[in-house]
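Let me begin by presenting the structure, written as structure tokens, before commenting on it.
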Number of protein chains: 2
Amino acid sequence: MGNASDAKIGFHDIKQEVIRRVHRGIWAPGSLLPTEIELAAEFGCARATVNRAMRELAEQGLVERKRKSGTRVKTSPVRYARFEIELVRRAVEDMGAKYRYALVHKSIEAAPDWVISQLSLGPGEQVAHIKCMHYADNRPFQYEERWIIISTVPAILEADLETQSPNEWLLNEVPFTDAEITLSSVAADAALCEFLATSQGTPLFRLERTTWLDSKVVTYVRMTFRQGHSMTTRY
Amino acid sequence: MGNASDAKIGFHDIKQEVIRRVHRGIWAPGSLLPTEIELAAEFGCARATVNRAMRELAEQGLVERKRKSGTRVKTSPVRYARFEIELVRRAVEDMGAKYRYALVHKSIEAAPDWVISQLSLGPGEQVAHIKCMHYADNRPFQYEERWIIISTVPAILEADLETQSPNEWLLNEVPFTDAEITLSSVAADAALCEFLATSQGTPLFRLERTTWLDSKVVTYVRMTFRQGHSMTTRY
DNA sequence: ATTGTAATATTGAATAGACATATTGGACAG
DNA sequence: CTGTCCAATATGTCTATTCAATATTACAAT
């Protein structure tokens with residue numbers, strides 16, 4: 001077993017120690033850290049162990065690594081916050097409320113100019129334009145407006161969106177490789193007032209997402225939440 | 001060198017293949033995956049390689065792993081979006097604008113009731129209450145209102161916040177172990193109108209953050225951005 | 001001076017083997 | 001049937017070694 005004084009040190013310990021040293025200014029922002037080999041010697045472990053620790057610290061944004069150059073402390077340490085993007089159904093059910101979905105509008109049309117420009121589509125590209133509502137305990141929770149690119153997802157033409165939300169349908173039917181999410185704050189316009197039962201100008205939280213399948217746009221969606229909605233994360 | 005047909009497969013390839021199989025339903029949600037040893041045999045690589053692939057997929061939220069039980073596809077695949085939380089100075093400078101900071105107010109006082117309750121402080125806890133502005137090219141960019149717990153950070157009493165923003169001061173002086181971030185949408189009130197040069201009721205994007213050092217609250221801050229601000233991430 | 005090239009240092013990744021740790025499920029006693 | 005204990009097993013981690021990728025540096029050729 002080995003006695004208490006020489007407990008083996010793992011990549012966790014190394015991470016902690018490196019973080020401590022950076023915090024204490026022993027390794028200043030911008031400075032070059034010892035090489036993996038030197039650190040392995042210092043900590044009395046294999047280089048792979050140091051490598052894993054440093055790799056995770058780089059992932060976390062504390063340090064930057066480059067082959068041959070070495071590892072250095074980032075000058076302005078970036079913090080990341082990871083938010084869970086739930087399915088609306090889940091978000092509602094997690095609150096302990098009853099979820100209900102309703103399709104408001106579905107049409108096949110040529111993409112409007114602003115959509116074409118925002119998504120870099122070809123002119124005259126056909127899209128499915130969908131509007132729908134998500135309710136929590138029969139009170140409006142989220143208004144969703146979505147454009148699905150037909151040439152990427154032809155199956156949407158036969159999809160039944162009366163009972164299943166487009167998000168759930170897409171999740172089951174269409175894989176995607178990339179996504180971009182934007183969070184913002186918008187004022188309720190006439191349509192939003194009606195659907196979200198609020199008054200003109202009310203500040204609302206909006207999440208927009210575009211998804212791609214290998215450089216072809218799959219869909220662009222705007223989800224606007226009821227008044228007072230927020231997103232929280234801990235780390 | 002080996003010929004082209006037997007290129008070595010790496011953990012990246014394994015990740016991709018697992019993702020593909022889950023998407024295609026070959027491995028259904030909730031189902032148990034083969035063990036690392038079996039997968040290593042299938043892919044013709046070492047178990048450590050499979051391990052890394054699966055570890056990252058678990059990190060990503062696609063699968064769940066438990067010792068002895070094995071690895072299974074998550075029933076409701078959670079998507080995470082990771083947002084970069086920059087220092088305001090950086091955010092402004094990254095836009096190519098000139099950053100300017102101004103302290104608006106600093107006082108030492110007993111924490112107001114709502115702060116005590118929100119942060120679970122003891123009654124009569126002393127806090128530094130700070131208000132300040134961040135400008136981009138001399139136009140308002142962000143209004144910051146902050147409460148710093150003196151018993152956790154006594155050094156704040158001597159901090160010079162005329163030239164350095166509290167955020168930067170804290171970053172250099174005080175480590176923290178946990179943080180909670182909340183994003184929301186708020187209407188501009190009288191104070192916000194004045195500082196952010198906007199009109200009453202304008203929807204604004206707000207980021208709130210509480211940080212702890214080992215279960216002791218360090219600070220709570222509310223950062224409200226100018227009209228039109230948004231946060232974007234790609235994954 | 002500039003450009004090309006080769007040597008070299010450092011991280012990135014894979015392998016095979018070993019031990020550690022948590023958890024399940026069964027054997028067994030009560 | 002119930003609770004306890006133990007063995008089997010899958011993941012978690014570490015080691016030592018090898019090779020690959022890549023950025024830097026030095027130096028030579030133009």
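Every read-out reported here was derived from the displayed coordinates using simple, explicitly stated rules and does not represent laboratory data. Please read these numbers as outputs of a predicted model, since none were measured by experiment. A quick note on method: Cβ atoms are made from the backbone with ideal geometry, for glycine too, and the neighbour counts reach across all protein chains shown.
If Lys and Arg each add +1 and Asp and Glu each add -1, what is the summed charge of the other residues whose beta carbon sits under 9 Å from the beta carbon of A:R72? Provide the component values of the computation, followed by the final result.
Values: positive: A:R65, A:K66, A:K74; negative: A:E64.
Computed value for this residue: +2.
With no solvent and one point per C-alpha, what does the Debye sum give as log10 I(q)/I(0) for the protein assembly as shown at q = 0.07, 0.08, 0.12, 0.13 Å⁻¹?
Relative scattering, expressed as log10 I(q)/I(0), comes to -0.47, -0.62, -1.31, -1.44.
Taking every pair of alpha-carbon atoms in the stretch B:38-78, give the share separated by more than 15 Å as a whole percent.
On the way: 356 of 820 pairs.
The answer is 43 percent, as a whole percent.
Relative to the Cα centre, what is the charge dipole magnitude of chain B, using +1 at the beta carbon of each Lys and Arg, -1 at the beta carbon of each Asp and Glu, and rounding to the nearest 20 debye? Don't skip to the answer; put the middle values down first.
Values: 30 positive and 30 negative charges, 251 e Å.
So the dipole magnitude of chain B works out to roughly 1200 debye.
Between B:G10 and residues 5 or more places away or on another chain, which pairs have amide H atoms under 5 Å apart, with H built 1.01 Å from N, and which residues are they?
none
Divide by every residue of chain B the summed helix terms, -39500 (n - 2.57) for each DSSP H run of at least 4, and state the resulting mean residue ellipticity at 222 nm, rounded to the nearest 500 deg cm²/dmol. Can you show the working numbers first?
Details: 7 runs with 64 residues, N = 235.
Calculated at 222 nm, the ellipticity per residue is -7500 deg cm²/dmol.
State the three equivalent ellipsoid semi-axes of the stretch A:54-98, derived from the C-alpha gyration tensor as the square roots of 5 times its eigenvalues, in descending order and whole Å. Working shown, then result.
Numbers: eigenvalues 304, 19, 8 Å².
Over the Cα atoms of the stretch A:54-98, the semi-axes work out to 39, 10, 6 Å.
Taking the Cα centre of the stretch A:136-184 as the origin, how large is its charge dipole in debye, to the nearest 20, when only Lys and Arg (+1) and Asp and Glu (-1) carry charge on their Cβ atoms?
Numbers: 2 positive and 10 negative charges, 23 e Å.
So the dipole magnitude of the stretch A:136-184 works out to roughly 100 debye.
How many Cβ atoms of partner chains, on average, are near each residue of B:81-88 if near means within 10 Å of its Cβ? Before the final figure, lay out the partial values.
Values: counts 13, 7, 9, 5, 6, 3, 4, 0.
Mean partner-chain Cβ count within 10 Å for B:81-88: 6.
Within the set A:K15/B:K74; A:K106/B:K66; A:K66/B:K98; A:K74/B:K98; A:K74/A:K216, which residue pairs have Cα atoms separated by over 32 Å? Don't skip to the end; give the middle numbers.
Working: A:K15/B:K74 29 Å; A:K106/B:K66 44 Å; A:K66/B:K98 30 Å; A:K74/B:K98 22 Å; A:K74/A:K216 35 Å.
In this structure, A:K106/B:K66; A:K74/A:K216 exceed 32 Å between Cα atoms.
I need A:F11, B:F225 ordered by Cβ neighbour count within 10 Å, fewest first.
Numbers: A:F11 19, B:F225 22.
Fewest to most other Cβ atoms nearby, the residues stand as A:F11, B:F225.
Quick check: net charge around A:L39, other residues with Cβ under 10 Å of its Cβ, Lys/Arg +1 and Asp/Glu -1?
Details: positive: A:R47; negative: A:E17, A:E36, A:E38, A:E42.
It works out to a net charge of -3.
Peptides A:150-161, A:201-212, A:175-186: what's the order by average Cβ count within 10 Å, highest mean first? Display every interim value, and only then the final one.
On the way: A:150-161: 14.5, A:201-212: 20.4, A:175-186: 17.8.
Put in order of decreasing packing, that is A:201-212, A:175-186, A:150-161.
How large is the convex hull of the C-alpha atoms of the stretch A:107-196 per residue, in Å³? Let's see the in-between values first.
Working: hull volume 12.2 nm³, N = 90.
Per residue, the Cα convex hull of the stretch A:107-196 comes to 136 Å³.
Can you sort B:V50, B:V73 by how many other beta carbons sit within 10 Å, fewest first? List each step's numbers first, then the result.
On the way: B:V50 25, B:V73 20.
Ranked by crowding around the Cβ, least crowded first: B:V73, B:V50.
What is the fewest-to-most order of A:V174, A:V127 by other Cβ atoms lying within 10 Å of their Cβ?
Arranged by neighbour count, lowest to highest, A:V174, A:V127 become A:V174, A:V127.
Looking at the square roots a ≥ b ≥ c of the eigenvalues of the Cα gyration tensor of the stretch B:3-64, which shape do they give, rounded for a/c under 1.5, prolate if a/b is larger than b/c, or oblate?
Details: a/c = 1.79, a/b = 1.59, b/c = 1.13.
Cα axes put the stretch B:3-64 in the prolate bin.
May I have the convex hull volume per residue, in Å³, for the Cα set of the stretch A:78-159?
Details: hull volume 12.0 nm³, N = 82.
Considering the Cα atoms of the stretch A:78-159, their hull volume per residue is 146 Å³.
Amide H neighbours of A:V104 under 5 Å, counting only residues 5+ apart in sequence or on other chains, H built in-plane at 1.01 Å?
Sorted by chain and number, the residues that satisfy this are A:K131, A:C132, A:M133.
Any idea what the B:S230 label distances to the other copies are, label 7 Å down the Cα→Cβ vector, nm, shortest first?
2.2
Starting from the amide H of B:H229, placed 1.01 Å from N in the peptide plane, find each other amide H under 5 Å away whose residue is 5 or more places distant or on another chain.
Amide H neighbours of B:H229: B:F205.
Given a Förster radius of 41 Å and the C-beta distance between B:L103 and A:A155 as r, what FRET efficiency does 1/(1 + (r/R0)^6) yield to the nearest 0.05?
Values: r = 58 Å, r/R0 = 1.41.
E(calc), rounded to 0.05, equals 0.10.
Taking +1 at the Cβ of each Lys and Arg and -1 at the Cβ of each Asp and Glu, which of A:V104, A:P34, A:V221 sits farthest along the dipole of chain A towards its positive end, judged by Cα position relative to the Cα centre?
Looking along the dipole axis, the top candidate is A:P34.
With a 10 Å radius around each residue's Cβ, average the other Cβ atoms per peptide and rank A:214-222, B:102-110, highest first.
Values: A:214-222: 18.0, B:102-110: 12.7.
Result, highest mean Cβ count within 10 Å first: A:214-222, B:102-110.
Within 10 Å of each Cβ in A:201-207, how many Cβ atoms from other chains are there, averaged over the peptide?
Details: counts 5, 4, 11, 2, 7, 4, 2.
Averaged over the peptide's residues, the number is 5.
Given charges of +1 on the Cβ of Lys and Arg and -1 on the Cβ of Asp and Glu, with all other atoms neutral, how large is the dipole of the stretch A:1-122 about its Cα centre, in debye to the nearest 20?
In total the dipole reaches around 160 debye.
Compactness ratio of the stretch A:1-160: Cα Rg over 2.2 N^0.38 Å, N = residue count? Display every interim value, and only then the final one.
On the way: Rg = 26.3 Å, N = 160, 2.2 N^0.38 = 15.1 Å.
This ratio for the stretch A:1-160 stands at 1.73.
Enter the mean number of other protein chain beta carbons within 10 Å of the beta carbon of each residue in B:184-192, as an integer.
On the way: counts 10, 16, 5, 6, 1, 0, 0, 0, 0.
Neighbouring Cβ atoms belonging to other protein chains average 4 per residue here.
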